[in-house]
Each structure stands twice: as C-alpha cells, then as structure tokens.
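Chemist: Take this structure first; my questions come after.
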Amino acid sequence: MLKTVVGISIEKIQQVIYDSIRSEIQESQNNDNTLKRVVVTSKQISEGFYHSMKEFIDEILLQSSGCIIFTSSSDDEAIKRQLKKMYKQYYETTKGAMELRYYISKMKIDDNADKLKAIQTMKRSLKEHEALSFVIEENQDWLFSLQKVKNNSHLQDKSIPDYGAFVENINQLYHESENEKYFRIAVIKADFDGLGKLFSAIEDYETYKKISEVLSQFICLDNLDKVAKKLMDKSEELKKWIFPFYAAGDDLFFAVEIFNLNRAIELCVEILNKINTKLLPVKQHLNLSVGVEITRNHEPIRYFYERVEEQLQRAKQAEAKQAIKGIKISIANTTFTCSYNERKKRYEGNWVNFQNDLEKLRNAQAQDIKVRAFLFTLLEKLASFKKRKAQNNQLANIILYHCIPQFINDTNKEKAKAELDMINIVLSQLVDYSKNTGTPKKPQHELQFDNIDNLINYIRILLMFTDERFEKNQKSRIQSNPFQVIKIRGSVFNRTLRYLYNNNLSVPLPQSSGIENFRTFFVHNDVYQVEEKDEKGKVKLRIIDYYQTLPLSNSIFYRMKRDGIDFEKNMEMMDNFVQSSIAIPSKTKQKPQALTFNYNKVIQLKASVEPWWTSDYVDSLYVFYRFKEARIHYCVQFPSPKKGKKKEK
C-alpha cells in the first residue's frame, strides 16, 4: 500500500547551537541568557518538528534529535503548506542559520521491512541535493525577497526546566581556588563510534527503532542533568557544575570546571552503561569516544571547538583493547580507555592507571619530593634531545640517568616508596607491551626508546594535573593501588638493567678475539643457586639471575668524564682501581665474587673496541652500575613478601 512519507531534518545542528550562543553574547554583551539560548534552541531542534507537524502524523517511523520521518494520510498540499510555514518560522528565528530540509515521497509501507527501507531511502534523500532543491523551490516566493530582521524577543517568553546541575553560563563554573575572572575549564565532546555504519548494517526495523529511541532517551539535556545530579557529592556542597553546549542525537558537548574532569568522565561512562543496558534485548553494544580540551573560560567557542574536535578524532582513531568495552578519551594527544565493571563495582582501563599515577605523585609531593621539578626538568631534556635528533642510546642515558633513585636509603621508607612509584610512572610509558620476551605464563616486556612522544605527552598531562590545587579539589570514585614490592623491582630495576645490558652496553666482537662481547669486561650476566625451605620445610634450590660487575666507584666515572675519554688511560685507571680494591667475601658460597678486570686482553683488542669506548658508552655503564647498586639496597630495604603472608599494603 502506497503511503505519503514525510522526512524533516536539520543539517549542521551543532553549528546552529554555537552560532546561537555567540549571537546571544555579541548582541547583549553578556551571557546571562546563554543557558536559556542553548535549551530553547535544543528543544526547538529535538521537539519542534513533532509539535509543528503533530496533526499530520499517522505513524512515526523514526524520531531523533534533528530528524523525524513519519507517514501521513493528509492531503499532500496541506502537508506542504504546513512545512512551508514551519520552514519560514525556523528561518526567521535563527536568521537563516538553521538549514532545515524536508522531503515528501510516496512509498510502499506494508510491513517492518518496508518501514526500514522507507527510513533509509528518506535519510538518503534528505542528505542529497534533491531535498535542498525541493525546499528552495517550495519557498522561493519569499526566500529571495528582503526580510525584516527580528530580534530575540522570543527568548523572553520561553521558560526552561529547573536544571539542578547546569550553570547559567561558563563563568559560573568558577571554583574558589582559581582566579574568579580567568580560570581553567575542561571542554568535553563525546560521540559514538561507528554509529552510521551500524545503522546501515541493520536489517531489522525493530532494532533500528530501538537504538534510535534509546539514543533519544539518554542523549539529551534532561538525562545529562539527571546523571550529573547523581554524581554530585553532597558532602562537598557541590552545586551546579556543568555548562551544556549540546546533548542530542549521538553527541554530547559540555564544559566543566577543570577540577570536575573526573566526574565528567564518569558521567560519560554512566550514560554509556545505561544505553548499553537498554540495548541488551536487541543484542547491540555501543562504544563512545571522548575528546577533552583544557582551556580558559573566556576563550571563544570557535577556538576550543576545533581543538576538542581534534582530540575527539584522535580518540576515534585509537585502537581500544579488545577487553575494554567503554569509552576512549583523548587529552593532550594521549588516549585513555575507561569502563565500569558492574560485577566488580570498579572502573577499569588506563584512565584508572592515570588516576592512580596522579594519586601516587600527590603522595610523593606530600613526602617532600619535588615532583614537578623532576617532571619539568626531564621534559626539558627530552625536548632538547629530540630537537637534536639524538640516538636511542643517548635518549636512554638521559632518561635513565634522570630516573636513578635518590632516596633508596632514606630512613623514611615511605619517601623511598613514593620516589620509586614516581620513577615507575615515567618508565612505564617507554615499555613496548606489544612484544613479549618472556613466556605466556610469565610475560616480560622491554623498554624501547624509538618513540618518546607518548612519554612527552604524558609528562605534560602529569604536570597539568599535579598542580597543588588539584590535591584538595580533584575527587574520584577510582581507588588507588598500594605499593607493590615485586612489581617495582621488576619494572624499575630489572627491566632497566636488562635494557642497558642488551642494548647500550652490547658490542659483539669477532669470534677470533676469544671474547663474545665487549661488555663482558665490565659486566657479566649469570645465575647462581641458593637453598631455600618451602612452607613444609623441604629444601629447594632457587635460581637467581644476577649481574657480575667490576668493583668500581662513582668517582672513577667522574674522573673519566672530567679528564676526557681516552681508551688506554681509562682502562689503566680502572685496572689500578680494581687492583687496589679489597674483595669482601660473600656469606653465600655459591654466589660469585666481583668481576676481575682483564687489562691485558682489553688492550690487546684496542683496535676492535676503542671506537665503541665513547662518552655515551661510559654514561651507559655508569647508569647501569648505579641501578645495580640501587637494586641491592632496594632488596635490603624492601624484601619480597614471603608466600603465605599478607601482602604489604
């Protein structure tokens, strides 16, 4: 049976909202009515079509923000007259800024398959020039004549709901810890991933309709306010904390005071969870990408909109891990993932790791560690070395030297822990998790210095959020992790020593030399065995991996750097120092003594190895020795928890 199918849509909806906000501020020289403007315009877009065409609607095939498709049994000419009236009203109200399109067509509508086909056909028509040409032709009698410009008096007659979480304008996001006139805000723009492809692939009308209805229910100003109120902390007397730009269709766009960024991310996760729960009956699951831009409250929308859109696109392009079904967040060119595990009642993803890192850095600041100086100095060094296009061994030296623990022997163990957590945060950004050099049961991942962009971006974010004002204002439901003795030993010490041994210090020598690698003169990797009793008292042998080194002091390296790198003089200096050193016998007989220096052999190989004896090689050797020494002190200060005992908190 042929029926009249009518489609109405608005193109560039968000641009209409932005233009509306800008015009309000420019015309009145204040932004007191900004929220009213956003709400009125949004309601006009999302609900205006229905109210204008209500008497002509038989069955709504699709209704979402900025689009409605319905069947009608009314006379076609009567429908056209009403559409022309509505078009003129929208055109005059927005001064031509709102691009309204509509189209009428006869289609066969007998079952759900026909309804789905009608929706898809009408949506294509509305997107193409066919609908635009139809609208222009229908309205050419007045569209191309001079029109009187109307003021915004229509706003005065409009009332809006009493939103409990929305401020009237951006300036009301002000927090007492910031400057009242100029303060930082976080602008958040969220969009669903692959929604267009999802709709195109759907072959069932009920599924199509269900997804559209759920999105309309949860992606709107009313629901944004509802979820925002749920996340408000009553104990803090936190009042209205969001300024909405737009919430409809498949987009969320709003601003919060920067101290409420955590809440904003949790809000996005909460909305996504609600949507996916509602979609369970039709076996559909959506993911959300979020762009975040930090700016100032007085910056024009057009400026930060471009930047937050760029961050959103970065989030969309990032590959989320298979296990994470939630949101991807891009901030300062770094992408995070976050989801909420309803069964375990906790947040998951590397956004959680980021929050844990911030908590650890605040703890380090509380222990009187100059965290921001540590990060800022490293950032300066990285920028300098990147500009000079430094080699990987040079980058490794500068980063690892900067990360040598300074408080490992401090009487305050909490300070030592805090510093090691801080170092681990930096080094973890250099780990290549795509490659496993261990076993499936005991994976082992290595450091890499091919690309330090992630580290640079991450340090910048950490500097932004370790501002002392955040410590008392930043709140989150994410729980921080305790200090992990075994993990820190592996990630800070073992991984670093392994990288230096296998990369910076490794110089293979010709087989004819009788020496496999140049590094064996200074450091040798081996294993030894110790006897241990298990819980039942049975003696077992435990294999321990270790590095055998020369008994060199830090002063030797300082003298070599001070006097200049000279192969023969440096070798002689080390030989004299080693010969004068007194070896301290080990209590464990199986454990080997310090490495002995084969001076004659290394001089014999001068032609082969002298080119490798550079300032960079000496730096790598020095860093290796310092980390090896620090690891020994660490194992004494923080022995591994024995099995059967409670883990250290």
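The values are calculated or read from the model by the stated rules, or taken from the named source; none is laboratory data. Since the model is a prediction, treat every value here as computed from it, not as a measurement. Neighbour counts are summed over all protein chains in view; Cβ atoms, including those assigned to glycine, are modelled from backbone coordinates with ideal geometry. When the accessible area is computed, the model is the full protein with side chains, heavy atoms only, and any ligands, DNA or RNA have been set aside. Shrake-Rupley method; radii C 1.70, N 1.55, O 1.52, S 1.80 Å.
Chemist: Show the residue pairs that are 6+ apart or on different chains and have beta-carbon atoms under 7 Å apart, the first residue being within the range 591-611 and small (G, A, S) and part of a helix (DSSP H, G or I), the second being modelled with pLDDT of 90 or more and open to solvent by less than 50 Å² (accessible area, probe 1.4 Å).
Modeler: So the pair list comes out as S608/L509.
Chemist: Considering each residue of the range 551-575, count those that are part of a helix (DSSP H, G or I) and either open to solvent by less than 20 Å² (accessible area, probe 1.4 Å) or within 15 Å of F521 (Cβ to Cβ) (or both), and give that number.
Modeler: Residues of the range 551-575 part of a helix (DSSP H, G or I): 554-563, 567-575.
Restricting the remaining residues to those that are either open to solvent by less than 20 Å² (accessible area, probe 1.4 Å) or within 15 Å of F521 (Cβ to Cβ) (or both) gives 556-557, 560, 567-568, 570-575.
Final tally of qualifying residues: 11.
Chemist: For the range 603-620, name all the residues that are among the polar types (S, T, N, Q) and either within 41 Å of the chain's Cα centre (by Cα) or surrounded by 15 or more Cβ atoms within 10 Å (Cβ to Cβ) (or both). First the steps, then the outcome.
Modeler: Step one: list which residues in the range 603-620 are among the polar types (S, T, N, Q), which gives 604, 608, 614-615, 620.
Selection gives S608, T614, S615, S620.
Chemist: Would the range 278-287 turn up any residue that is open to solvent by less than 90 Å² (accessible area, probe 1.4 Å), free of Cβ contacts under 8 Å to residues at least 24 places away in the same chain and either outside any helix (DSSP H, G or I) or aromatic (F, W, Y) (or both)?
Modeler: no
Chemist: Exactly one of these conditions fails for L312: (1) over 20 Å from L195 (Cβ atoms); (2) within 15 Å of the chain's Cα centre (by Cα). Give me its number.
Modeler: With (1) over 20 Å from L195 (Cβ atoms); (2) within 15 Å of the chain's Cα centre (by Cα) applied to L312, the lone miss is (1).
Chemist: When the range 403-418 is examined, which residues are found to be surrounded by fewer than 22 Cβ atoms within 10 Å (Cβ to Cβ) and either of a type in the set (D, E, K, R) or at positive phi (or both)?
Modeler: D410, K413, E414, K415 - these are the residues of the range 403-418 that are surrounded by fewer than 22 Cβ atoms within 10 Å (Cβ to Cβ) and either of a type in the set (D, E, K, R) or at positive phi (or both).
Chemist: Can you tell me which residues in the range 367-381 are open to solvent by less than 50 Å² (accessible area, probe 1.4 Å) and without any contact (Cβ under 8 Å) to a residue 40 or more places away in the chain? Don't jump to the end; show me each part of the working.
Modeler: Going through the range 367-381, the residues open to solvent by less than 50 Å² (accessible area, probe 1.4 Å) turn out to be 367, 369, 371, 374-375, 378-379.
None - no residue of the range 367-381 is open to solvent by less than 50 Å² (accessible area, probe 1.4 Å) and without any contact (Cβ under 8 Å) to a residue 40 or more places away in the chain, so the list stays empty.
Chemist: Can I ask one more? Mind telling me which of the residues Q120, Q89, Q140 ends up being in a helix (DSSP H, G or I), more than 30 Å from M1 (Cβ to Cβ) and at pLDDT 85 or above? Don't jump to the end; show me each part of the working.
Modeler: Details: Q120 fails: more than 30 Å from M1 (Cβ to Cβ); Q89 fails: at pLDDT 85 or above.
After applying the criteria, what remains is Q140.
Chemist: Taking the range 143-173 only, how many residues are part of a helix (DSSP H, G or I), at pLDDT below 85 and open to solvent by 30 Å² or more (accessible area, probe 1.4 Å)? I'd like the intermediate steps shown before the answer.
Modeler: Pass one, the range 143-173, residues part of a helix (DSSP H, G or I): 143, 153-155, 170-173.
Pick out the ones that are also at pLDDT below 85 and you get 143, 153-155.
Those left that are additionally open to solvent by 30 Å² or more (accessible area, probe 1.4 Å): 143, 153-154.
The total comes to 3.
Chemist: List pairs: first in the range 78-104 and surrounded by fewer than 17 Cβ atoms within 10 Å (Cβ to Cβ), second of a type outside the set (A, V, I, L, M, F, W, C) and not in a helix (DSSP H, G or I), Cβ under 6 Å, 6+ apart or cross-chain?
Modeler: Between residues of the range 78-104 that are surrounded by fewer than 17 Cβ atoms within 10 Å (Cβ to Cβ) and residues that are of a type outside the set (A, V, I, L, M, F, W, C) and not in a helix (DSSP H, G or I), the close pairs are E92/K150.
Chemist: On to the next question. Could you check how many residues of the range 54-81 are of a type in the set (S, T, N, Q) and within 38 Å of the chain's Cα centre (by Cα)?
Modeler: If we filter the range 54-81 for residues that are of a type in the set (S, T, N, Q), which is where we start, we get 63-65, 71-74.
Add one more test, that the residue is within 38 Å of the chain's Cα centre (by Cα), and what stays is 63-65.
The total comes to 3.
Chemist: So, one more: Looking at (1) modelled with pLDDT of 85 or more; (2) farther than 29 Å from R81 by Cα; (3) surrounded by fewer than 16 Cβ atoms within 10 Å (Cβ to Cβ), which is the one condition that is false for S177?
Modeler: If we test S177 against (1) modelled with pLDDT of 85 or more; (2) farther than 29 Å from R81 by Cα; (3) surrounded by fewer than 16 Cβ atoms within 10 Å (Cβ to Cβ), just (1) comes out false.
Chemist: Another question about this same structure. Please tell me if Q548 is touching a residue at least 24 places away in the same chain (Cβ under 8 Å), surrounded by 11 or more Cβ atoms within 10 Å (Cβ to Cβ) and closer than 25 Å to W613 by Cβ. If you could, list the steps in order and put the result at the bottom.
Modeler: Values: touching a residue at least 24 places away in the same chain (Cβ under 8 Å): yes; surrounded by 11 or more Cβ atoms within 10 Å (Cβ to Cβ): yes; closer than 25 Å to W613 by Cβ: yes.
Taking the combined requirement at face value, the residue satisfies it.
Chemist: A follow-up question, please. Of the residues V269, V256, which single one is closer than 25 Å to N353 by Cβ and part of a strand (DSSP E or B)? Give the derivation first.
Modeler: Numbers: V269 fails: part of a strand (DSSP E or B).
Among V269, V256, only V256 is closer than 25 Å to N353 by Cβ and part of a strand (DSSP E or B).
Chemist: Next question. Going through R263, R302, R296 one at a time, which residue ends up being basic (K, R), more than 25 Å from F465 (Cβ to Cβ) and open to solvent by 10 Å² or more (accessible area, probe 1.4 Å)? I'd like the intermediate steps shown before the answer.
Modeler: Details: R263 fails: more than 25 Å from F465 (Cβ to Cβ); R296 fails: more than 25 Å from F465 (Cβ to Cβ).
Answer to the selection: R302.
Conditions (1) at pLDDT below 95; (2) within 24 Å of T466 (Cα to Cα); (3) of a type in the set (D, E, K, R); (4) open to solvent by 60 Å² or more (accessible area, probe 1.4 Å), marked per residue:
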| residue | (1), (2), (3), (4) |
| --- | --- |
| E342 | yes, no, yes, yes |
| N363 | yes, yes, no, yes |
| K389 | yes, no, yes, yes |
| Y401 | no, yes, no, yes |
